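The values are calculated or read from the model by the stated rules, or taken from the named source; none is laboratory data. It should be emphasised that the depicted structure is a prediction, and the values quoted were computed from it without experimental measurement. Note that we place each Cβ from the backbone using ideal geometry, even for glycine, and neighbour counts take in every protein chain shown. Quick note on the areas: whole protein, heavy atoms, side chains included, nothing else; ligands and nucleic acids left out. Shrake-Rupley method; radii C 1.70, N 1.55, O 1.52, S 1.80 Å.
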Amino acid sequence: MSFDFDYLLMQWPALLDGLWMTLQVSALSIVLSLLIGVLGAGIRLFKVPVLSQLVALYVELIRNTPILVQLFFIFYGLPAVGMKLSLYWSGVLCLSLWAGAYQIENLRGGLATIDKGLREAGMALNLQSRQFFRLIAIPIAFRISLPAMLNTAISLLKNSAYLQTIGLAELTFVAVDRIATDFRAIEMFAAICVIYLALVAVLALIAGRLEARLQRPFQQ
Amino acid sequence: MEFVIENWGFISKGLLMTLKLALVILLFTTVISVLLGTLATLQNRPLRWLIHGYVELFRSIPLIVNVFFIFFGAPLLGIDLSPFAAVTLGLTLWGSANGIEIVRGGLLSVPRHQWKSAWALGLRPWHIYFHIVAPQSLKAILPAYTGLLTLLVQATSLGALVGVGEFLKVGQIIVERSTMMGGESPAFTVYSAVLIVYFVICSALTWLSRYLERRLGRSASRITQPQP
């Protein structure tokens with residue numbers, strides 16, 4: 001069986017539709033996961049009673065269970081107890097919750113590197129606690145956790161492929177759907193592999209640029 | 001609760017299959033990782049690039065696409081793969097891509113002077129590797145590798161998608177069956193239970209990873225923990 005390039009050209013519009021859905025879902029989930037990350041890391045940082053423990057449990061729960069099971073729980077489990085979400089929002093919820101847990105840890109890792117000396121220096125300059133966080137701790141922590149945060153965003157994009165299993169018409173779904181009728185598995189999967197590789201490469205490139213940009217003031 | 005008692009044989013079979021899958025993949029992954037991870041530390045540029053390309057390729061493609069590619073693609077090339085073999089192959093390719101990076105990072109974390117001192121004492125490269133460098137690199141490798149094992153156990157849930165009767169598949173079947181017979185969907189209970197079981201297994205492994213890290217001390221060179 002030879003590699004049929006014309007077939008791919010014919011299916012190109014369908015793949016583009018899938019790609020568009022993948023990008024849409026991923027972008028929305030990346031934004032939401034960052035919100036969850038900032039909120040969760042803040043709660044953990046200030047040791048808000050009860051909530052802090054709940055956030056810790058949430059992070060452990062997400063990191064120690066397969067994302068596929070989380071997805072099934074959200075898409076099949078929640079409607080059974082009356083919480084019905086659309087296909088699209090189930091997907092977004094699953095990806096945001098998953099990546100959110102990782103973003104909390106990434107941000108916490110960055111904040112953990114803030115030296116005690118900085119705190120003391122801030123106090124010597126008569127900075128309020130809030131000013132210290134806004135002007136010193138958060139900018140530094142953000143720069144340190146940025147690589148890990150971007151990595152998580154890239155992982156989220158890859159993991160959007162799992163939404164195929166619940167039937168959201170993203171890139172992998174389109175490919176598998178076409179294979180079921182045309183049996184052109186090699187062509188289709190090769191095509192989406194190339195697309196995913198390109199997406200990840202572009203994101204990694206942007207990530208690299210951004211990191212270099214943020215490091216610029218600190219280069220000797 | 002009746003579910004569990006009624007379906008106990010079925011559930012335990014699924015759990016065993018998950019563990020079997022994870023162990024087989026772990027075995028293959030370890031062999032490939034140690035071999036290619038060691039080769040990647042040699043001063044051979046083409047070889048290093050080749051291994052680097054392999055690592056980046058399988059870390060960039062979504063795992064589910066990787067498994068589907070093998071499962072649906074192999075028959076078209078005339079290769080007959082059972083679902084079990086397809087999942088094992090797919091997850092091993094992905095797992096070893098992560099494993100190679102861990103082993104490579106671990107070996108490079110051993111200071112250069114260890115090599116040089118051993119060389120000066122007249123040890124053969126072979127002996128240096130097995131007696132000096134490899135044991136010291138374990139300090140950096142073990143915690144990260146246990147972390148990878150956690151991810152492998154989680155990734156075996158992909159078996160459910162291609163028809164391996166592992167733990168998640170068992171959950172799916174129980175949900176379908178009870179929905180058809182009883183009319184009411186037990187999806188919430190069943191998937192909660194599946195989540196909890198994975199949570200217990202993986203938390204134990206995560207705990208082990210953290211324990212090893214504390215016990216062995218954080219190594220100087222950072223090994224990036226793989227992400228699913």
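Below, the figures for the structure above:
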| item | result |
| --- | --- |
| Trypsin sites (Lys or Arg not before Pro) within region B:133-228, DSSP loop, no more than 14 other Cβ atoms inside 10 Å | B:R218, B:R222 |
| Modelled FRET efficiency - R0 30 Å, B:L50 with B:R214, Cβ distances, 0.05 increments | 0.25 |
| Semi-axis lengths, Å, region A:1-111, gyration tensor of Cα atoms, sqrt of 5 times eigenvalues | 35, 18, 12 |
| Set of lysines near B:K20 by C-alpha distance (under 16 Å), chain-local residues within fewer than 8 positions excluded | B:K169 |
| Where B:T18, B:T189 fall by accessible area, highest first, once all protein chains stay in place (1.4 Å) | B:T189, B:T18 |
| Over region B:2-224, relative contact order from alpha-carbon pairs under 8 Å, at least 6 apart, % | 27 percent |
| Cβ-derived FRET efficiency at R0 25 Å, A:I166 paired with A:W20, nearest 0.05 | 0.85 |
| Chain B: C-alpha pair distances exceeding 33 Å, % | 29 percent |
| Gyration tensor verdict on region B:13-82 (Cα atoms; rounded if a/c is under 1.5, prolate if a/b is larger than b/c, oblate otherwise) | oblate |
| For region B:153-197: rounded, prolate or oblate by the Cα gyration tensor [a/c cutoff 1.5] | oblate |
| Peptide-level mean, for A:73-85, of C-beta atoms on other protein chains within 10 Å | 4 |
| Largest-first principal axis extents of the Cα set of chain A (Å) | 73, 52, 23 |
| Cα lying deepest toward the dipole's positive end in region B:2-224, options B:L161, B:S82, B:G106, charges on Cβ | B:G106 |
| Most mobile listed residue (A:A56, A:A175, A:A198) in chain A, GNM with C-alpha springs under 10 Å | A:A198 |
| 42 Å tail of the calculated P(r), the protein assembly as shown, as % of Cα pairs | 19 percent |
| Length-normalised contact order for chain A - Cα pairs under 8 Å, 6+ apart - percent | 30 percent |
| Shielding score for B:153-165, defined as the mean number of other chain Cβ atoms within 10 Å | 3 |
| For region A:47-137, fraction of C-alpha pairs farther apart than 18 Å, in % | 61 percent |
